[in-house]
1. Please determine, by comparing only the residues of the stretch 556-591 that are surrounded by 18 or more Cβ atoms within 10 Å (Cβ to Cβ), closer than 18 Å to Ser642 by Cα and of a type in the set (Ser, Thr, Tyr), which one is nearest to the chain's Cα centre (by Cα).
2. Within the stretch 262-282, does at least one residue satisfy the condition of being modelled with pLDDT of 85 or more, of a type in the set (Asp, Glu) and not in a helix (DSSP H, G or I)?
3. For the stretch 541-555, give me each residue that is open to solvent by 20 Å² or more (accessible area, probe 1.4 Å), more than 15 Å from Arg395 (Cα to Cα) and in contact with a helix residue (DSSP H, G or I) (Cβ under 8 Å, 6 or more places away or on another chain).
4. Would you please name the residue that is modelled with the highest pLDDT, looking only at residues in the stretch 323-354 that are aromatic (Phe, Trp, Tyr) and more than 12 Å from the chain's Cα centre (by Cα)?
5. So if I check each of Ala304, Ala357, which one is surrounded by fewer than 19 Cβ atoms within 10 Å (Cβ to Cβ) and at pLDDT below 95?
6. Hey, can you tell me all the residues within the stretch 207-249 that are open to solvent by less than 30 Å² (accessible area, probe 1.4 Å), under 17 Å from Ile407 (Cα atoms) and either touching a helix residue (DSSP H, G or I) at 6+ places or on another chain (Cβ under 7 Å) or of a type outside the set (Asp, Glu) (or both)?
7. Which numbered condition trips up Arg647, out of (1) in contact (Cβ under 8 Å) with a residue 40 or more places away in the chain; (2) part of a helix (DSSP H, G or I); (3) surrounded by fewer than 20 Cβ atoms within 10 Å (Cβ to Cβ)?
8. Return the residue satisfying two criteria in turn: it lies in the stretch 423-442 and is assigned to a loop (DSSP other than H, G, I, E, B) and touching a residue at least 60 places away in the same chain (Cβ under 8 Å), and of such residues it is least open to solvent (accessible area, probe 1.4 Å).
Amino acid sequence: MIKKLTAVLTALVISLQTLSVLAMGEYYTHLDLPKITQEDLTYTGTDISGLKKDIASIENLLKKKGNEEKILSIAEKCFSVYTDVSYQYALAKLGYDRNCNEENLEKLGEIADVALEVTELLSRLIYDIYENENYRDLLEIMFGDTETALRFALPDDEELLVLIDREKELTTQYSEIYGDSDACAELFLELVAIRNAIAVKMGYDNYADYANTEIFHREYTDEELAGFYESVKEYFLPIYEEAVEALFYLESSSIPMDEDEVLLSARATVKNINPELGEAFEYLIANNIYDIRTNENKNPSAGAYTMVVPRLNIPYLYTNPAEDYEENGVYNVLTLIHEFGHFASILYTPEMAFSDAPAFLNPSIDTAEIHSQGLEALAERYYGEMFGSNASMLRYYLLCTLIGAVIDGCLLNQWQEQVYAMENPTVEKMNTVMTEIVSEYNGECTPEEAQDIWTAVIHNYQSPMYYISYAISGLVVLDLYSESTYDYDRVVDKYMRISAEGIYRTYSEIVEECQLPDIFDKSVMADIAGKTEDAFLIRYSDVSDEAWCKPYLYVVSNIMDGRADDEFMPDSAITRSEFVGVLGKMYDYYIGIDEDYENVFEDTKTDENRRYISWAAENGIVEGYDDKTFGAEDTLTREQASAMIWRLADAVSGKDVS
């Protein structure tokens, strides 16, 4: 698809019919959402003969003065055709990804050709209006200003159109040869040449500069990115390496889940996080606008994504599970939650109220990935309820995923920057650059292994320069994730406000509006790293790497704290209050404590564990002394510990275990 003609046509869009706003939720603007049928999601193609006639009519009207209103009216119809084509392209892509066969590939190629032709026709229309002194001012009405109109029109250049058409062919071929590293490498080599030629035609030195400016609309500088890379290496590589080490201590088991169980698990979790998220999930299910099946006919080069379907102005959620549900459904649940973060924000994006807007707008990927990774982070609070004994391992798996996304985003962006700036690139040079950059991030790989790495990254072929968005958003989410360990409700509120801003606000706008940290400030990066260490890593001066208790401390790292800033005091006695606090936090994480309990004992009114002590007393897990005190600071005896654990087991099982 063409990525150039993507500006919203301001005056045209605001004059179009909008969806009704039913109500304002606490966070989201609730629109009168359409009922979606399978017919709505079936590709039919687009007839553009009417567009050509309308453009011919405008050309005749341009010959005389006084036809402003007529021209604007017909132009509205013309640009609406672009929405129709974008709609059909989305359906064709979805059809091919769901059923990867020659027929669907032909449909995808057919509509891509139509999209290119429509873009060329509309670009020519913009130039015709611009070149007419009597009507040049109409571009300001349509686009806001003349420069914007010209910037978003394709240059009148036949060579450029040939290049764009070839790029489209190559990206389509990738899905056919996916998995063949050598073939993919040679194809990418040609893609680099084609894309750089496109960038030069557009007035840029190379494709990396072009994509960052014109496609992703990024506002940070090369210097800021260079500093960002170095801070990631300095502060987050050590955390990542220790988090990976923690995974070796933690055991997990497979949880077979069918498709319905995966759906229900994600559904319950997002509803627990916020009721408005729950409402969006109900809409997803009711309208069947998702595909999370395991199916060998799916496009192997299409991973998981959530796409905007223009004209319908709704999101569609798609995953391509690598692992069969019957073997282990855990990671399919986590992928679904990630994609649903995109889904909910798209569904309630304010611009979705304008019928043609989504076809002409580019989302801010830096912002959108906060929606997905942020929801993943918030879901961790419910891992105990969702995954039982696997929760501790998955908690560190999530940490590794988030930091890994930051590292991978930096690594792959550095590689693409160098590849697109390379003179006379070859596959061998690209492999060498990858091995060098991998070593900067404390990794090792041979040139052959390096090639396997970058040829397997779908984004390199279909969405070049995308990956840095995972790093930018990942740092923001790490900050939220660490904060959520001690102030979960506040982080949920912040996340919901970010999500409600939608997918079209730039990253800098979101940072200012939602008061997010400036991750390009090295001191801020150091602060986020420190908070991440405090929340997840075992850094006690009195617990050595060889200590028998260290593996177990990872298991309970979100339940038990040390008694001092850098000491766990593993050999010290524990008080009755501390032990009940551990039992309560454990029960709350794995099962959930839904209500606040009133204080029961005279001596626990100010105790930090009073909620859990009152919960335990109400459920028969603990008893106080005869004088109506609990003895919170009394040292716990082995006898008392045994009794509390026994009663807790009784409460959990719902029956007498004696």
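1. Tyr587
2. Checked the stretch 262-282: no residue is modelled with pLDDT of 85 or more, of a type in the set (Asp, Glu) and not in a helix (DSSP H, G or I).
3. Ser544
4. Ranking the candidates gives Tyr348 first.
5. Result of the check over Ala304, Ala357: Ala304.
6. If the condition is that a residue be open to solvent by less than 30 Å² (accessible area, probe 1.4 Å), under 17 Å from Ile407 (Cα atoms) and either touching a helix residue (DSSP H, G or I) at 6+ places or on another chain (Cβ under 7 Å) or of a type outside the set (Asp, Glu) (or both), then Leu225, Phe228, Tyr229, Ser231, Val232, Phe236, Leu237, Ile239, Ala243 are the ones that fit.
7. (1)
8. Tyr441
The values are calculated or read from the model by the stated rules, or taken from the named source; none is laboratory data. These numbers come from a predicted model, not from an experiment. All Cβ positions, glycine included, derive from the backbone under ideal geometry; neighbour counts span all protein chains shown. When the accessible area is computed, the model is the full protein with side chains, heavy atoms only, and any ligands, DNA or RNA have been set aside. Shrake-Rupley method; radii C 1.70, N 1.55, O 1.52, S 1.80 Å.
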